[in-house]
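Engineer: Quick one: the structure is below, questions incoming.
The values are calculated or read from the model by the stated rules, or taken from the named source; none is laboratory data. Values in this document were obtained by computation on a predicted structure and should not be read as measured data. Every residue, glycine among them, receives a Cβ derived from its backbone with ideal geometry; neighbour counts consider all protein chains shown. Quick note on the areas: whole protein, heavy atoms, side chains included, nothing else; ligands and nucleic acids left out. Shrake-Rupley method; radii C 1.70, N 1.55, O 1.52, S 1.80 Å.
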Amino acid sequence: RHGHPAATFLDHIPTYNSVYIMTLFRFLCIFTILYLRGTFGFVAAPLVPTTFDKKTTTTRGSSFSMACQEAEDEAARLKQKAEELRQQIRNMEASLGNERRNRQPAPTPTQSAVGVQADENVSLQGKRVVLVVGANGRLGSMVCRHLLRNNPNTEVVACVHVVGENSSRGYGRLSYEVGAEDGVGSIGAAWSEERTATFTYSDEMKDYNLQNLRVVEAELLDPLQCATITEGVDCVIWCATDFNGNRPRAVSGLNVAFLFRAVADPLKGRVEIEGLRNILGGLKQNKRDASGALDAVLGKTSLSSTSSFSKNDPVDVVLVSAAPEAFQDFETPFGTFNGLKREGEELLKNEFPSLSYSILQMSKYEDNFVQESLDILTEESSDSNSEDAVRRRINRRDAARAAVDALTNKEGKGKTLQVWTAIR
């Protein structure tokens, strides 16, 4: 041992240290065994009679059945409560509707109301097709609702922004406004055998005329898509905009779709200008083709693009714009907010003279503090506006009604009108 390199170290280890190390090793083994038992469940099962297992299983089964029954009873109770709430809402809407009709004041003699003085011969009766551009917006969805519920013979084509991987908007607002979500839905309980979900239309939805609604997706900056969706269209109500208030949507809401479009192709165009031009160009061409086909059938030789259309037809285009005093101006890389609005209005007037139009410069929207179903007041837009123009307000539902009524308002054809319902 004296020749071994570790001899000196081993010779100095006391004997009691070996006993200490062995004891420590035993404790370590015991601790490891206990740890493994606690972690992995290596615990011997108690030896209990078989009858006890059966009794326990029966008790657990009965408890589960009772829990399922209680859950089904709770689901039935909630379903009944939901139906009662729906009925209360229907009754409130019915009573509120009568109240709104009763409280409408008489129109003032100095100001006109859009649609009130419309020519009786100009109407949407017959099979008319109205294209609503920007139908998933707050105003556009309300326009679709008003068209469907007040013109049962009119087909409404709701044009929405492309809903795909680059969009997060969906059809939620449009679906809510037209009443597509008012049906009766039911979902089977997760623990029941019938786990199916059903949705049926209720009797209250028969006047919604949803069978006349057609939803189309389109990129307004694509001329080919705009020409396609305007085929067979008689009238257009333009509600689309790239702005939220007076700020671009890409700035105000960090909208993914608009940000993607701005970054991917910043020179592609503006909805207020190029998008409007594409829709008007498609409408003009399709009307010309329809007129030519009808003239050929009737044996006419006139070259007029509208030679076969009656003077009592509705207005071709209702352009919903913004009054100059509605918002403060906002500078964008493509121009100012008011500058873009005025440029779009001039585009309709000058570049498409064959299309009849009515331009509605809406005052500032106020849905919380301005009642709906008020008289819609108008005056022709001019450079010298009245002093209260900044204080004018309008509820969006009244704005939607004004846009629909403008289709048949002969007094507003070919004019630019400022529209409001209240002064605040």
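Engineer: VAL390 fails exactly one of the following numbered conditions: (1) open to solvent by 40 Å² or more (accessible area, probe 1.4 Å); (2) part of a loop (DSSP other than H, G, I, E, B); (3) not charged (D, E, K, R). What is the number of that condition?
Structural biologist: Only one criterion is unmet by VAL390, namely (2).
Engineer: Looking at region 357-375, which of the residues that are farther than 16 Å from VAL318 by Cα and among the hydrophobic types (A, V, I, L, M, F, W, C) is farthest from the chain's Cα centre (by Cα)?
Structural biologist: Residue satisfying both the conditions and the ranking: LEU374.
Engineer: Could you grab me the full set of residues in region 194-224 that are of a type in the set (A, V, I, L, M), free of Cβ contacts under 8 Å to residues at least 24 places away in the same chain and in contact with a strand residue (DSSP E or B) (Cβ under 6 Å, 6 or more places away or on another chain)?
Structural biologist: Answer for region 194-224, where residues must be of a type in the set (A, V, I, L, M), free of Cβ contacts under 8 Å to residues at least 24 places away in the same chain and in contact with a strand residue (DSSP E or B) (Cβ under 6 Å, 6 or more places away or on another chain): just ALA197.
Engineer: Does GLN104 qualify as being polar (S, T, N, Q) and modelled with pLDDT under 80?
Structural biologist: Criteria met by GLN104.
Engineer: Same structure again: Just to be sure I understand, how many residues within region 191-243 are under 19 Å from VAL317 (Cα atoms), in a helix (DSSP H, G or I) and not hydrophobic (A, V, I, L, M, F, W, C)?
Structural biologist: Summing the residues that are under 19 Å from VAL317 (Cα atoms), in a helix (DSSP H, G or I) and not hydrophobic (A, V, I, L, M, F, W, C) in region 191-243 gives 3.
Engineer: In region 351-361, is there at least one residue being over 19 Å from GLY414 (Cβ atoms) and either surrounded by fewer than 18 Cβ atoms within 10 Å (Cβ to Cβ) or among the basic types (Lys, Arg) (or both)?
Structural biologist: So far as region 351-361 goes, no, none of its residues is over 19 Å from GLY414 (Cβ atoms) and either surrounded by fewer than 18 Cβ atoms within 10 Å (Cβ to Cβ) or among the basic types (Lys, Arg) (or both).
Engineer: Something else now. Name the one entry in GLU372, GLU345 that is charged (D, E, K, R), in a helix (DSSP H, G or I) and either surrounded by fewer than 17 Cβ atoms within 10 Å (Cβ to Cβ) or at pLDDT 90 or above (or both). Show your work before the answer.
Structural biologist: Values: GLU372 fails: in a helix (DSSP H, G or I).
Every option except GLU345 fails the conditions.
Engineer: Also, quick follow-up: Kindly establish whether VAL216 is open to solvent by less than 30 Å² (accessible area, probe 1.4 Å), within 20 Å of the chain's Cα centre (by Cα) and modelled with pLDDT of 80 or more.
Structural biologist: yes
Engineer: Tally up the residues in region 133-148 that are open to solvent by less than 10 Å² (accessible area, probe 1.4 Å) and assigned to a helix (DSSP H, G or I), please.
Structural biologist: 6
Engineer: Hey, could you check region 159-179 for residues that are out of contact with any Ser or Thr (no Cβ under 8 Å at 6 or more places or on another chain) and modelled with pLDDT of 85 or more and say which is most open to solvent (accessible area, probe 1.4 Å)?
Structural biologist: The extreme case among them is SER175.
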